[in-house]
Amino acid sequence: MKVYLIGFMGAGKSTVSRLLSSKTGEPYSDLDSRIEEKAGKKISTIFQEDGEASFREIEVSTLKAAEATIISTGGGILYFDETGQWMRQNGIVIYLHAPFKELYARIKGDQTRPVAAKPYKELEALFNKRNTAYKEVAHHVVSVSNRTPESTVKEIISIIQNS
Ligand SMILES: Nc1ncnc2c1ncn2[C@@H]1O[C@H](COP(=O)(O)OP(=O)(O)O)[C@@H](O)[C@H]1O
Ligand SMILES: O=C(O)C1=C[C@@H](OP(=O)(O)O)[C@@H](O)[C@H](O)C1
Ligand SMILES: [Mg+2]
């Protein structure tokens, strides 16, 4: 059974997948890291040189090829309408949720996330749109607001054990 972590930039998907893997001994794969390895360049360079549409194609094919048990996605994983259903059919989908302001504080000025360079209001609108989509796709919503990754991982382990 695979576990897909979804949520907005800064939710802690990459951090939590790493920790969940070390606590459970199950392998993990961070899609952004895999994409950078495969492409031989950083996400921000892919956006600049090839454009977002090209990144999204690589992202969804990397998702479908991922062999690890624990998979941390990027915030834009629901770019194509059918991807959410595909994840639901292939594993447990967990949405790491926090209010936008909290996430914004974590990602603002981060040059490695090209989408985070959008103006505040635009980013907030994107969060609102994606928040609805993440909730529709997720089997479980886990709050990551004012919480340590360790505590989040404990809750996820209990969800997995009860699934
Ligand atoms: N529970 C948390 N509380 C506070 N900061 C966190 C937490 N989890 C992650 N962070 C920080 O937020 C930033 C984004 O984390 P990351 O794991 O890269 O998120 P994502 O993969 O969802 O974009 C990092 O700087 C990380 O250290
Ligand atoms: O929200 C997005 O559109 C993106 C989020 C990033 O992943 P994180 O959610 O891990 O930052 C990364 O995939 C890319 O920069 C695009
Ligand atoms: Mg990440």
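Side notes on the structure shown:
- Relative contact order of region 2-161, pairs being alpha-carbon contacts under 8 Å that are 6 or more residues apart, as %: 35
- Figure legend: label point modelled 7 angstrom from the Cα of I157 along Cα→Cβ; residues of region 19-36 with amide N under 14 Å from it are 19-26.
- GluC sites (Glu not before Pro) within region 15-105: DSSP coil, no more than 15 neighbouring Cβ in 10 Å: E67, E82
- Theoretical FRET efficiency, 1/(1+(r/R0)^6), r = Cβ-Cβ of D50 and T24, R0 35 Å, to 0.05: 0.50
- Rounded, prolate or oblate (a/c below 1.5 giving rounded, otherwise prolate when a/b exceeds b/c) for region 21-106 by Cα gyration tensor: rounded
- Backbone HN-Hα couplings from phi across region 136-142 [Karplus 6.51/-1.76/1.60, Hz, Gly and Pro as x]: 5, 7, 5, 7, 9, 10, 10
- Between the exposed loop cleavage positions of the chain, defined as trypsin sites (Lys or Arg not before Pro) in a non-H, G, I, E, B DSSP state with at most 16 neighbouring beta-carbon atoms within 10 angstrom, the longest gap is 43-107.
- Across region 104-114, coupling constants 3J(HN,Hα) worked out from phi with the 6.51/-1.76/1.60 Karplus curve, θ = phi - 60°, read 4, 4, 7, 10, 4, x, 6, 5, 7, 10, x Hz, and Gly and Pro carry x.
- Residue order for D81, D30, fewest other beta carbons within 10 angstrom first, comes to D81, D30.
- Where labels lie 7 Å past Cα in the beta-carbon direction, separation of K121 and K41 in nm: 3.3
- Cβ-based exposure ranking for H139, H97, in which fewest neighbours within 10 Å come first: H139, H97
- Per-residue Cβ neighbour rank within 10 angstrom, fewest leading, V3, V141: V141, V3
Bear in mind that the values in this text are calculations on the coordinates, not laboratory data. Computed from a prediction, not measured in an experiment: that's the story for all the values here. Using ideal geometry, Cβ is built from the backbone for each residue, glycine included, and neighbour counts are taken over all protein chains shown.
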